[in-house]
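Below is one structure, written out as structure tokens; the observations come after it.
Nothing in this text is a laboratory measurement; each read-out follows from the coordinates by a stated rule. All values derive from a computational prediction rather than experimental measurement. Cβ: placed from backbone, ideal geometry, glycine included. Neighbour counts: every protein chain shown.
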């Protein structure tokens, strides 16, 4: 039987005994952004993975040296390349909430150097994008360029991990036909 692109292939069901943990996580997400994205609803199938995923989000929003604009642009451009419409839409929304014009954001899809970021952030953005497209091509020159732009090893690692984690999410969402928010309405 063929599934249409708008019908999720699986519907999340929280395992018995894990509902309190999932509800607590979802309450925190609701407090932070006002809704629970369908990507996180999907992750509720495996509460330990949901907890880890949300912990990573928390790290990047609170403890990383990378700005919200930079991490969002990494996710946005990685998602664009991976053709994950859910994440494209979500990150466009996050960028507009950060006060960035959506047309400026969209222009960076064809030319990442046009991303609405500080010059030193663009260096790290381009490195992160390269890391998911052609990881074997990363060399000392790439790392040194990022360091010359003021980034340390942890910052560089964080940017690459942000890109790689997002690419994985893109493929998970595409695999299960989660193309837009509202799939689990």
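Can you compute the helix-only [θ] at 222 nm over the chain? Use -39500 (n - 2.57) per DSSP H run of at least 4 residues, normalise by all residues, nearest 500 deg cm²/dmol. Only helices count here, giving -20500 deg cm²/dmol.
Taking the longest Cα principal axis of the chain as reference, the axis of helix 85-97 is set at about 70 degrees. What the Cβ-Cβ distance of residue 137 and residue 13 gives, at R0 = 35 Å and to the nearest 0.05, is a FRET efficiency of 0.25. Note: relative contact order over the chain, using C-alpha pairs below 8 Å and six or more positions apart, is 30 percent.
Extent along the principal axes, Cα only, for segment 68-175: 34, 31, 22 Å, with the longest axis given first.
Put a dot 7 Å past the Cα of residue 56, heading toward its Cβ, do the same for residue 33, and the two dots end up 1.4 nm apart.
For segment 76-180, the relative contact order is 34 percent, taking Cα pairs closer than 8 Å that sit 6 or more residues apart in sequence and dividing their mean separation by the residue count.
Treating the angle as unsigned and between 0 and 90°, give the value, to the nearest 10°, between the Cα long axis of helix 153-175 and the longest Cα principal axis of the chain. The helix 153-175 is inclined about 40 degrees to the chain. Peptide packing: for 47-56, 163-172, 97-106, the average count of neighbouring Cβ atoms within 10 Å per residue gives the ranking 163-172, 47-56, 97-106, highest mean first. Using only the alpha-carbon atoms, how far is helix 47-62 inclined from the longest principal axis of the chain? Give it as 0 to 90 degrees, nearest 10. It is inclined by approximately 40 degrees. Between segment 1-52 and segment 62-132, the C-alpha centres lie 24 angstrom from each other.
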